[in-house]
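To start, the structure itself, in structure tokens.
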Amino acid sequence: MALVSQDLRLAVRGFIRQPVFTCIALVTLALGIGANTAIFTVVNALLLRQLPYAQPERLELISAERLDGDRQGELSWVRFSALAEQNQSFSGLAAFTTDDFNLTGRGTPEHVAAARVSWNFFQILGVRPAAGRWFVPEEDKPGGANVVVLSHEMWARQFGAKPGVIGQTLTLDGAVYTVVGVAPAGFHFESMPALDLYTPRVFELSLIMPAQLNAGAGFLNAIARLHPGATQASAQAEMNTLAVQYLRDHQGLADADPAIRVHAANLRDEMVSSVRAAIWILFGAVTLVLLIACANVASLMLSRALGRNREIAVRMAMGASRGDIIGQLLTESLLLALIGGAGGALLSSWGVRALTALAGNMLPRATEVRPDATVFAFTAAISIFAGVVFGLAPAWQLSRPDVNSVLRVEGRGATSGRRRNGLRNLLVVGQVALSMILLVGAGLLVRSFAGLSRDPGFDPARVLTMNVSLPSTRYKRPQLANFYRDLLAKVRALPGVQSAAGATALPANPSRFSVVLPEGQPAVPLAQRPIVDVLSITEGYAAAMRIPLIEGREFTERDNTATGPHALLVNKTFARRFWPDQSALGKRVWVGRDPQPWEVAGVLKDVHNFALAADVRPEIDLPYALLPGLPLDLIVRTQGDPHAMTRAIEQCVFSLDHEQPVTAIQTMDEILESGAAQPRFTASLLAALAIAALVLAIIGIYGAISYAVTERTREVGIRLALGADRGDILRLVLARGAVLAGAGIAIGIACALALTRLL
């Protein structure tokens, strides 16, 4: 213990005597360790820490997926009911889906986000209500009482968090609902957006018609809790067996398709599946930055060692063993690393706040991203690791000097210098190689992100969008089309509006889909027909979005009436896939179960209908009036600032229905910007790390060359005395740096090429 205390005192005195070295080393380490700790905090919260539910490792997310990989979807009500009755793997199975309501009778009409869930949804998760109770089985049956569970935020916003809320009522879409419970503070089910309330009876979802409910239309996901004796593998095997039975028992339903299977996966893993790859890429990047930082500090330690040869030789001549010398030097490096780690922990707290702020809603469970004991243990571990990594090599070199050579005044042996130079050169080559890997990886992601700026297929400038979701309790199907027709007429008459239309989905956002049978294709059963995106639109849609018409015509007012012709529009991808080298005009398409064919009236230019980074998918556009029932997004092209028209458009809505709220007000530019946010965030962060790594590598090359020139001062003097000019000396020095950089670049590019496929 006394020896350790002595080593610490010597280390502190040494650092105080060399403040420049100490500050550079500490800042380098703090940045490397801080970046690692910040990203690890995200890794720990999202990928390692369990969900805040009872026995979360036994929770499964149940969904449908296509074996051909074309798309993932939801379970139908028929399939969910069959699974609930027949499975033996789960102690509980609950369905859920998102919905929305118009809240009236409490001041200004408000559009609230909701979820429809099975009665046992909260019990399966294992959470307790903050007030009241959860749902009971009788409320989850047809004709059950209208009841809601409020989110904790909704309770505080609408009822001032007063305990007497249980038993009070809310008017949702014109129907009265009774409050029976309040969710606990902070509760948020990760598979759904932030919600205001929950209600039972998933089969009453306003977007699903009775005919679709029993025809195998997918609209549900489910959670399940494994029986104590069941495993995920055994549950998936049972799902596969039940899928075969479902095909046999429900022939003719839309989801009775051999290409569709039920997928059971760990709930936590599924919640972060969209960001897992990006998080691990960033964690790998900051690990490389830490290694580069360690190499830099090791180079600094070797430079510092140049003036300590005599000190070490004197100590060894006085009886110090090699182990004593290594212990002293490792104590110095570990102390330096721990102080740098403390600074890194402080920097990481700021870094985590910055990361979560920049990521916005891109990170699932973002509120849980905070340091805990695991993060602090990680910081301590990588600090010790860094201290050993950058301290061991210098300690090994310094602990074996040629005592006689060093102690002689003239004794500057060249052998040890070459050994130190060899080690330093390896460190520099490694830094350059690692920075090249980061630069190539960042370049790949930046190039991928640049692909998001491709032509979306329409003109997003000066286009305002907003959602008007009419309650099905007050608006029947014919009334829906009439309301939107009257609304669009009012909006188009506003000064400053160039054109206006409506659609059931916006570009770059997932839309609804259906099976189709295009003319000329084999008349296969419904379940085997191709699936395409389906969009319901009003007349004027292509003009409002400025989507070029390739051939044919757009919808007219006559098409958008209940008695209009069965006309549809297709995109170029649809026409090219099913009728290559032919005109699509006049071709017929059977959509879903509709026995009457639709006739192609026009072909539109491709629009990125799923995501800017994804390939365009086949799409058909149907007149909204012939298939009403879905909420409509208004699309308004303006002459000036789109947001300046918001109030006037809202007044048009209120003039038709003073209880109808308007939601999701944003410009098309903002929608596209939001869609590109996550890849931009990842690419920008990785590019910043790559630049930091490159700067560290440049500093490392400078240090190596500076160190080499210092050791070769005598040689340089002799060369100058023998007639060499300054250009010769400069070429000698630069050649060394070029060789080191070239070797690092070659190794880095080779390693980066191996990682290209992974990225």
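The values are calculated or read from the model by the stated rules, or taken from the named source; none is laboratory data. Since the model is a prediction, treat every value here as computed from it, not as a measurement. Backbone-built Cβ (ideal geometry, glycine too); neighbour counts: all protein chains shown. Accessible surface areas use protein heavy atoms only, side chains included; no ligands, DNA or RNA. Shrake-Rupley method; radii C 1.70, N 1.55, O 1.52, S 1.80 Å.
Within the stretch 134-285, DSSP assigns beta bridges of which about 60% are antiparallel (rounded to the nearest 5).
A straight chain from residue 110 to residue 669 at 0.36 nm per residue would run longer than the Cα-Cα distance by 198.7 nm. Under 5 Å from the amide H of residue 632 lie the amide H atoms of 468, 470, each residue being 5 or more positions distant or on a separate chain, with H modelled from the backbone and absent for Pro and chain starts.
Classify the stretch 432-547 from the C-alpha gyration tensor, please: rounded if a/c falls under 1.5, else prolate or oblate depending on whether a/b exceeds b/c. Judged from the Cα gyration tensor, the stretch 432-547 comes out oblate (a/c at least 1.5, b/c at or above a/b).
Take the Cβ-Cβ distance between residue 232 and residue 733 as r, set R0 to 45 Å, and report the resulting FRET efficiency rounded to the nearest 0.05. That pair, residue 232 with residue 733, gives E of 0.15.
Ligands, DNA and RNA are left out, and with a 1.4 angstrom probe the accessible area of the stretch 92-173 is 41 Å² per residue. Based on Cα contacts under 8 Å between residues 6+ apart, the stretch 136-226 shows a relative contact order of 32 percent.
Lys and Arg at +1, Asp and Glu at -1: add these up for the other residues within a Cβ distance under 13 Å of residue 490 and post the number. Charge balance near residue 490 sits at -1. Classify the stretch 100-229 as rounded, prolate or oblate, taking a ≥ b ≥ c as the square roots of the eigenvalues of its Cα gyration tensor: rounded when a/c is under 1.5, otherwise prolate if a/b is larger than b/c and oblate if not. Since a/c reaches 1.5 but b/c is at least a/b, the shape of the stretch 100-229 is classed as oblate. Here the calculated FRET efficiency for residue 88 and residue 581, from their Cβ-Cβ distance with R0 = 51 Å, stands at 0.45, rounded to the nearest 0.05. Relative to the Cα centre, the charge distribution of the chain, modelled as +1 at Lys and Arg Cβ and -1 at Asp and Glu Cβ, gives a dipole magnitude of about 3280 debye. When the Cα convex hull of the chain is projected onto planes of every orientation, the mean area is 43.3 nm². Cross-link partners for residue 162 among the aspartates and glutamates, with Cα-Cα distance under 17 Å and sequence neighbours closer than 8 places in the same chain left out: 153, 196. Estimate the FRET efficiency between residue 384 and residue 550 by the formula 1/(1 + (r/R0)^6), using the beta-carbon distance for r and 56 Å for R0, to the nearest 0.05. Efficiency at R0 = 56 Å is approximately 0.30.
Relative contact order of the chain, taken over Cα pairs closer than 8 Å and 6 or more residues apart, is 17 percent. Rolling a 1.4 Å probe over the protein heavy atoms gives the stretch 457-547 an accessible area of 38 Å² per residue. By the helix-only formula, in which each DSSP H run with n ≥ 4 contributes -39500 (n - 2.57) and the sum is divided by residues, the chain has a 222 nm mean residue ellipticity of -15500 deg cm²/dmol. Accessible surface area normalised per residue over the stretch 572-725 is 46 Å², counting heavy atoms of protein chains with a 1.4 Å rolling probe.
Is the stretch 614-668 best put as rounded, prolate or oblate by its Cα gyration tensor, with a ≥ b ≥ c the root eigenvalues, rounded for a/c under 1.5, and otherwise prolate when a/b is larger than b/c, oblate when not? Note, shape of the stretch 614-668 comes out oblate.
Straight-line cross-link partners of residue 476 among the lysines, defined as a Cα under 28 Å from its Cα and at least 8 positions apart when in the same chain: 141, 490.
Computed from label points 7 Å out along Cα-Cβ, the spacing between residue 455 and residue 178 is 6.0 nm. Counting 0.36 nm for each residue step from residue 259 to residue 494 and taking away their Cα separation leaves a gain of 79.6 nm. Backbone geometry of the stretch 532-542 corresponds, through the Karplus equation with coefficients 6.51, -1.76 and 1.60 at θ = phi - 60°, to 3J(HN,Hα) couplings of 10, 6, 10, 10, 9, 9, 9, 5, x, 5, 4 Hz, x marking Gly and Pro. Using the Cβ atoms and a cut-off under 14 Å, what net charge is assigned to the surroundings of residue 370, where Lys and Arg are +1 and Asp and Glu are -1? Charge balance in the 14 Å sphere: +1.
A simple spin-label model places the labels of residue 283 and residue 248 4.4 nm from each other, with each point 7 Å out along Cα-to-Cβ.
Selection among 14, 639, 671 by position relative to the dipole of the chain gives 14 as farthest towards the positive end (Cβ unit charges, Cα centre). Remark on residue 221: its backbone amide H falls under 5 Å from those of 75, 96, a criterion applied only to residues 5 or more positions apart or on other chains, H modelled at 1.01 Å from N.
A crude spin-label estimate for the pair residue 654 and residue 24, with each label 7 Å from Cα along the Cβ direction, gives 6.6 nm. Within the chain, the selection of entire DSSP H helices by a Cα span of 24 Å or greater along the long axis and an average Kyte-Doolittle value of at least 0.0 returns 19-43, 276-305, 322-359, 373-398, 414-450, 677-711, 726-756.
Summarising the amide proton neighbourhood of residue 263: residues at separation of 5 or more, or on other chains, whose placed amide H is nearer than 5 Å comprise 63, 64, 65. Tally up the carbon and sulfur contribution to the accessible surface of the chain as a whole percent, 1.4 Å probe, everything protein left in place. Taking all protein chains in place, the chain shows 61 percent carbon and sulfur surface.
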